[in-house]
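**Student:** Okay, handing you the structure first.
The values are calculated or read from the model by the stated rules, or taken from the named source; none is laboratory data. Please read these numbers as outputs of a predicted model, since none were measured by experiment. Positions of Cβ are backbone-derived with ideal geometry, glycine not excepted, and every protein chain shown enters the neighbour counts.
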Amino acid sequence: MATIPEHEIIIINPADSKDGWKALRQQCYDVRLDVFHHEQGFSAVLEFDELEDCSTHILLRLVPSLKPVGTIRYTKFKEYSKLSRLAVLKDYRQYKLGRALVETLHRYAISDATKALKSAGDGTNTENVIRIVSNSQLPVKPFYAK
């Protein structure tokens, strides 16, 4: 396998309102448009939905160039969380960067759930389970099985 390029992963949570978060989120959108619209031919209109503003976006960029090459979206609902919009530019899929994005989302979901339990003062939850669902195109279904 080829050497994994140096990269950084940035978590973009609109609730944090950090300077520059909209520009970072736009980089996520750009990757998604490149993959789903330009490469795969899906409608650009259907790529964006009402969940964009309430979701956490995770961006993977190469360093030192800061070229965005991958993204994934995390949306928290009352009963579950959802992994969606995973996209990695075609030239970079060989490096398993999608796996790095999913693992980052997983760690973020655990952290997010832990914070929510602590702030609610709920020490009674003994299940230690976070339910994360995802939808995918059939050709990439084996990726999620790993």
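**Student:** Return a yes/no flag: does the stretch 51-74 have any residue that is assigned to a helix (DSSP H, G or I), of a type in the set (A, V, I, L, M, F, W, C) and either in contact with a Leu (Cβ under 8 Å, 6 or more places away or on another chain) or at pLDDT below 95 (or both).
**Tutor:** Yes: one or more hits.
**Student:** A further question on this structure: Can you tell me which residue among Thr126, Thr114 is among the β-branched types (Val, Ile, Thr), in a helix (DSSP H, G or I) and at pLDDT below 90?
**Tutor:** Step by step, each of Thr126, Thr114 is checked, and only Thr114 is among the β-branched types (Val, Ile, Thr), in a helix (DSSP H, G or I) and at pLDDT below 90.
**Student:** Right, something else. For the stretch 46-65, what are the residues that are within 16 Å of Arg25 (Cβ to Cβ) and surrounded by fewer than 16 Cβ atoms within 10 Å (Cβ to Cβ)?
**Tutor:** Phe48, Asp49, Glu50, Leu51, Asp53, Cys54
**Student:** For the list (1) surrounded by fewer than 16 Cβ atoms within 10 Å (Cβ to Cβ); (2) free of Cβ contacts under 8 Å to residues at least 24 places away in the same chain, I need the number of the one condition that Leu33 fails.
**Tutor:** (1)
**Student:** Hey, another quick one. For the stretch 2-23, which positions are in a strand (DSSP E or B) and in contact with a Ser or Thr (Cβ under 7 Å, 6 or more places away or on another chain)?
**Tutor:** Matches in the stretch 2-23: Ile9, Ile11, Ile12.
**Student:** Related question: Checking Ser43 against (1) among the hydroxyl-bearing types (Ser, Thr, Tyr); (2) surrounded by 15 or more Cβ atoms within 10 Å (Cβ to Cβ); (3) without any contact (Cβ under 8 Å) to a residue 40 or more places away in the chain, which test does it fail?
**Tutor:** Tallying (1) among the hydroxyl-bearing types (Ser, Thr, Tyr); (2) surrounded by 15 or more Cβ atoms within 10 Å (Cβ to Cβ); (3) without any contact (Cβ under 8 Å) to a residue 40 or more places away in the chain, Ser43 fails exactly one: (2).
**Student:** List the number of the failed condition for Asp91; all other conditions in (1) modelled with pLDDT of 95 or more; (2) in a helix (DSSP H, G or I); (3) surrounded by 13 or more Cβ atoms within 10 Å (Cβ to Cβ) hold.
**Tutor:** Checking Asp91 against (1) modelled with pLDDT of 95 or more; (2) in a helix (DSSP H, G or I); (3) surrounded by 13 or more Cβ atoms within 10 Å (Cβ to Cβ), the one that fails is (3).
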